Each structure stands twice: as C-alpha cells, then as structure tokens.
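The values are calculated or read from the model by the stated rules, or taken from the named source; none is laboratory data. Note that the structure is a prediction, hence the values are computed from the model and not measured. Quick reminder, even Gly has a Cβ in these numbers, built from the backbone with ideal geometry, and neighbours come from all protein chains shown. For the accessible areas, the whole protein counts, side chains as well, though only heavy atoms, and no ligand, DNA or RNA atoms are used. Shrake-Rupley method; radii C 1.70, N 1.55, O 1.52, S 1.80 Å.
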Amino acid sequence: RRLWLEKKVTAGELAVAEWEVREAERLLEVQVRTLAVKWLDLQARRGLHRRRAEHGKELAAAASRAAAAGEGSPLAAAEIELEATEIEMRMLQLAAEEAAVAGALRPLLGLEPAVSLSIDGVLSDPTNVAGSAEPHLDARAGFQAAQARIAAAKENVELQRASKWEDLSVGLGYEREHSEDAGYGLRRENFIGLKLSIPLPLGKNNLSHIREAEAVARRREA
C-alpha cells in the first residue's frame, strides 16, 4: 500500500507541474499582450506628435512670414517654433520607450537581440466593460495547480500514516544442483526455500512526519 501511495503522490506532483506550466504559459501570454498593446499605443502617440510637429512647423513658418511683413509678433512666431521643438523632443522620448518595449518583448518571444521586431495594427476604441461576473476558476490553470497541490499533500498524509509500519518480506527460492558422485554417477538435487522476514519493531513512531504532512496540507488548502 505504501508503494501505491508513493505512486499517487508522484502522480499528483506531476499534475502540479503540468498545471504550473500551463499557468506560466498564460502569464507569458498576458505579458506579451500587455507589451504589444503598449507598443501600439506608443506608435499611435508618436504618429500623433509627428502630425502636431508638422503643423507646428507650418504655423511657425507662417507666423515668421507675418512677422517679417509687420503683420504679426516675432515673439509669437518664436513661441510656436519652440512648441514644435518640444514636440519633436517628446517624439524622441516615445521612440526610446518603444525601443525599451521591443527589448522586453524579444526574450518573451524567444528572439535574439539582433532580430528585428515589429508589430502592425491599431488599437480599437475602448468599450464599456461588462459588469463584474463570477470568474470561472475551473478554467484557470493557477487554480487547478492549487487543487493539485492540495490533492498531492493529502496523499502524502496517507503515505506518512502508512509508513508507520515496516514491511514484511516473504521470499521463495528454487535451486537445482548437478554433481558427479563416484560410484553413484550423476546426481541431481532440487532445493525449495521459503524465507519470511519480520522487522523488529514492526511499527515505528512516525508522528512528526504525519503532523508535518498534515500542516502542509492545511496550508495548501488555505
């Protein structure tokens, strides 16, 4: 029975590992999606700033011509040009942030640092989020991994309880001998042996291991 319980504990630990892998895959997907959305957001903002900078340069040029003709203030033209320069600086910051996102995405996707990476597409308009519904825990790999840990811990409790008793061993042996005996010729002898081993003491105090296993099971269940 102890060997049977050991197999069940091992099978439970294998199930835990499988669910942990699925949970790691889910978290990896969440990280990739989050960075991809951030990348698209940076691209959209950089495009918006690029258009603002172009319009700012056009306004600055028009204001400079008006100031040269005496129809406007040179100070206003300089101010518009300064705003366009600030927008260009902001574009450089967004480009640096986009490069940082690309650097964070490459290891998540298993790409080498020298491999170029690009994401196409645009973000959809935000929509209203539905009311908070009860989460489907059975579909969550992390929840299933926790359940598998609880099951493995309970099986380990039974294993520690079964380990209070030592194993009795029974053996059956068979031997056959051929010998040459002077005066009798070839002789054949068959031996059958039965072996019974009883360890003393038959039981042992495994209370500490049992309590430890029970504490682990309670902690995992909590």
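Assorted remarks:
- Stretching the chain fully between residue 86 and residue 106 yields a gain of 4.1 nm (0.36 nm per residue, less the alpha carbon separation).
- Annotation: lysines with alpha-carbon distance below 20 angstrom to residue 154 (same-chain offsets under eight excluded): 7, 8, 164.
- What you get for the chain, charging only the Cβ of Lys and Arg (+1) and of Asp and Glu (-1), is a dipole of about 860 debye around the Cα centre.
- Surface accessible to a 1.4 Å probe, per residue, for the residues of the range 1-83, Å²: 72
- The GluC sites (Glu not before Pro) of the range 94-183 that DSSP puts in a loop, and whose beta carbon has at most 15 other beta carbons within 10 Å, are 166.
- The length gained by stretching the chain between residue 34 and residue 99 to full extension, at 0.36 nm per residue less their Cα-Cα distance, is 21.9 nm.
- Share of carbon and sulfur in the accessible heavy-atom surface of the range 137-222 [1.4 Å probe, %]: 51
- Cβ-derived FRET efficiency at R0 45 Å, residue 25 paired with residue 62, nearest 0.05: 0.20
- Residue (of 157, 145, 110) at the positive-pole extreme of the range 72-161, dipole from beta-carbon charges: 157
- The range 156-222, dipole about Cα centre (Lys/Arg Cβ +1, Asp/Glu Cβ -1), debye to the nearest 20: 500
- Ligands, DNA and RNA left out, the 1.4 Å accessible surface of the range 1-65 is 58% carbon and sulfur atoms.
- When the charge dipole of the range 177-222 is built from unit charges on Cβ atoms (+1 for Lys and Arg, -1 for Asp and Glu) and taken about the Cα centre, the candidate among 194, 216, 182 whose Cα reaches farthest toward its positive end is 216.
- Per residue, the range 120-222 exposes 83 Å² of accessible surface when a 1.4 Å probe is rolled over the protein heavy atoms with every protein chain present.
- Seen from residue 190, the other residues with C-beta closer than 10 Å to its C-beta sum to a net charge of -1, counting Lys and Arg as +1 and Asp and Glu as -1.
- Proximal aspartates and glutamates relative to residue 57, as straight alpha-carbon distance under 12 Å, when same-chain residues fewer than 8 apart are discounted: 79, 81, 83, 86, 88
- Principal axis box of the range 1-115, alpha-carbon based, largest edge first, Å: 102, 24, 15
- Mean separation of Cα contacts under 8 Å, 6 or more apart, over the residue count of the range 1-143: relative contact order %: 33
- Of the trypsin sites (Lys or Arg not before Pro) found in the range 129-222, those that fall in a DSSP loop while having at most 13 other beta-carbon atoms within 10 Å are 204.
- For the range 126-222, the Kirkwood estimate of hydrodynamic radius, built from reciprocal distances between every pair of different alpha carbons, is 19.8 Å.
- On full extension, the segment bounded by residue 10 and residue 73 gains 14.4 nm, given 0.36 nm per residue less the C-alpha separation.
- Span-rule helices in the chain, defined as complete DSSP H runs reaching 20 Å or more along the axis (Cα) with Kyte mean at least -0.5: 2-68, 74-109, 141-162
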